[in-house]
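The values are calculated or read from the model by the stated rules, or taken from the named source; none is laboratory data. Quick caveat, the model's predicted, so the values are computed rather than measured. Positions of Cβ are generated from backbone atoms using ideal geometry, with glycine treated the same way; all protein chains shown enter the neighbour counts. Remember, those area values only see protein heavy atoms, side chains included, never the ligands or the DNA or RNA. Shrake-Rupley method; radii C 1.70, N 1.55, O 1.52, S 1.80 Å.
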Amino acid sequence: MAINTVGIVGAGIMGAGVAEVAASSGFDVVLRSRSREAADATMDRVAKSLDRLVAKDKLQAAEAAAIVARITPTTDFADLAECDLVIESVVENLGIKLAVFKELDQITKPRAILATNTSTLPVIEMAMATNRPGQVCGVHFFNPAPAMGIVELVAPLTASAETMESVTAFTRACAKTPIAVKDQAGFVVNALLFPYLNNAIRLLEQGVATKEGIDTAMKGGCGFPMGPFALLDLVGLDTSLAILDALFAEFAEPNFSPRPLLRRMVSAGQLGRKSGSGFYDYRH
Ligand SMILES: NC(=O)c1ccc[n+]([C@@H]2O[C@H](COP(=O)([O-])OP(=O)(O)OC[C@H]3O[C@@H](n4cnc5c(N)ncnc54)[C@H](O)[C@@H]3O)[C@@H](O)[C@H]2O)c1
């Protein structure tokens with residue numbers, strides 16, 4: 001099925017990033033968020049991200065304006081009715097995602113594909129919340145979506161071959177490399193990444209080194225572009241906690257059991273870059 005118009009539900013870090021990617025690749029985008037203020041803030045974020053490319057001579061100012069013009073912000077689910085593909089990117093919480101899928105199933109056209117950007121949650125549950133399980137799958141972009149080159153494509157047991165072909169073509173049209181993965185918590189990247197991030201917090205709790213020391217060690221010792229605490233702050237500590245909780249619920253392995261410090265920081269509202277502070281302070 002040809003994809004021309006892409007809907008995005010959830011205007012957080014990933015919703016904004018995926019909207020920018022799809023609009024930059026020529027798709028018309030309808031971006032649904034819960035409030036007008038959030039929608040405006042997201043449009044602002046996309047425009048600023050494109051401005052940075054213009055400043056680096058990687059994009060013409062007129063192209064940047066055309067990309068922004070291809071995104072229609074809305075607070076109304078009904079505006080997603082004509083989308084060929086809708087990518088849900090709301091908070092990593094299964095109950096909230098299931099409610100979104102039920103709503104999308106009611107208002108989108110029968111042929112539309114419904115996808116989730118979940119990092120860890122079972123895609124089959126979202127598929128079975130709809131009357132079109134063959135047309136539901138995972139399309140897992142990475143953060144920041146415009147910069148990261150891969151997308152994990154998750155086929156739940158119910159997904160049709162046509163659905164996976166369509167989202168594969170969409171991913172390629174977005175200039176991303178698709179990787180087919182099983183519907184299992186964490187897929188590939190987060191199943192490998194999060195035990196590492198969780199253990200970095202354990203080392204910090206044990207006082208083995210400071211957070212700066214651990215970040216510097218992993219950059220210099222492993223050639224990683226950023227250390228674990230900078231990465232946790234980028235991902236968002238609430239999202240990181242939800243990912244570890246989902247991994248632990250699936251596998252019950254100690255490495256996936258979220259470290260107490262992570263849970264305490266989320267309770268304290270220290271969520272990383274998006275809240276202004278996490279392991280590091282971003283308010284200055
Ligand atoms: N942050 C990352 O690095 C990353 C990377 C890949 C995938 N993801 C996944 O993308 C999804 C979104 O994560 P994010 O990082 O953009 O989070 P975020 O916190 O930046 O944004 C979450 C969005 O969900 C909305 N939301 C919260 N409660 C809601 C509700 N009850 N109903 C509808 N919307 C609600 C918020 O308003 C916000 O727009 C999650 O499934 C996450 O696992 C995140």
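Some observations on this one:
- The stretch 123-171, relative contact order in percent, only Cα pairs under 8 angstrom and at least six apart counted: 37
- Hz values of 3J(HN,Hα) by residue in the stretch 262-272 - Karplus curve (6.51, -1.76, 1.60), Gly and Pro given as x: 4, 4, 5, 5, 5, 4, 7, x, 8, 9, x
- Cα-derived Rg to Rh of the stretch 1-99, Kirkwood definition: 0.98
- Taking amide H as placed 1.01 Å from N in the peptide plane, the amide H of T116 sits under 5 Å from that of E88, C137, G138, V139, each at least 5 places away or on another chain.
- Two-site label geometry, Q184 and K58: point separation in nm, points 7 Å out along Cα→Cβ: 3.4
- The chain pair-distance distribution - Cα-Cα, 5 Å bins, rounded %: 1, 6, 12, 16, 18, 17, 13, 9, 5, 2, 0, 0
- Backbone geometry of the stretch 206-223 corresponds, through the Karplus equation with coefficients 6.51, -1.76 and 1.60 at θ = phi - 60°, to 3J(HN,Hα) couplings of 7, x, 5, 7, 6, 5, 5, x, 5, 4, 5, 4, 6, 5, x, x, 10, x Hz, x marking Gly and Pro.
- For the stretch 1-99, the solvent-accessible area works out to 46 Å² per residue, with a probe of 1.4 Å and every protein chain left in place.
- Within a straight-line Cα-Cα reach of under 21 Å, K56 can be paired with the following lysines, leaving aside sequence neighbours fewer than 8 residues apart in one chain: K48.
- Charge dipole magnitude, Cβ of K and R +1, D and E -1 - the stretch 66-192, Cα centre, debye nearest 20: 220
- Whichever lysines have a C-alpha closer than 22 Å to that of K97, once near sequence neighbours (fewer than 8 apart) are set aside: K109, K182, K274
- Distance from the alpha carbon centroid of the stretch 28-105 to that of the stretch 154-213 works out to 22 angstrom.
- Summed residue charge, Cβ within 15 Å of A55's Cβ, Lys/Arg positive, Asp/Glu negative: +1
- GNM top mover of T210, T75, T108 - the chain, alpha-carbon springs below 10 Å: T210
- Fraction in percent of alpha-carbon pairs per bin - 10 Å, the stretch 76-137: 25, 61, 14
- Couplings for the stretch 196-203, taken from phi via the Karplus curve 6.51 cos²θ - 1.76 cosθ + 1.60 with θ = phi - 60°, read 5, 5, 5, 6, 5, 5, 4, 4 Hz in order; Gly and Pro are left as x.
- Pairwise FRET efficiency - A66 versus R36, Cβ, R0 = 25 Å, nearest 0.05: 0.60
- To put it simply, the accessible area of the chain at a 1.4 Å probe is 55 percent carbon and sulfur.
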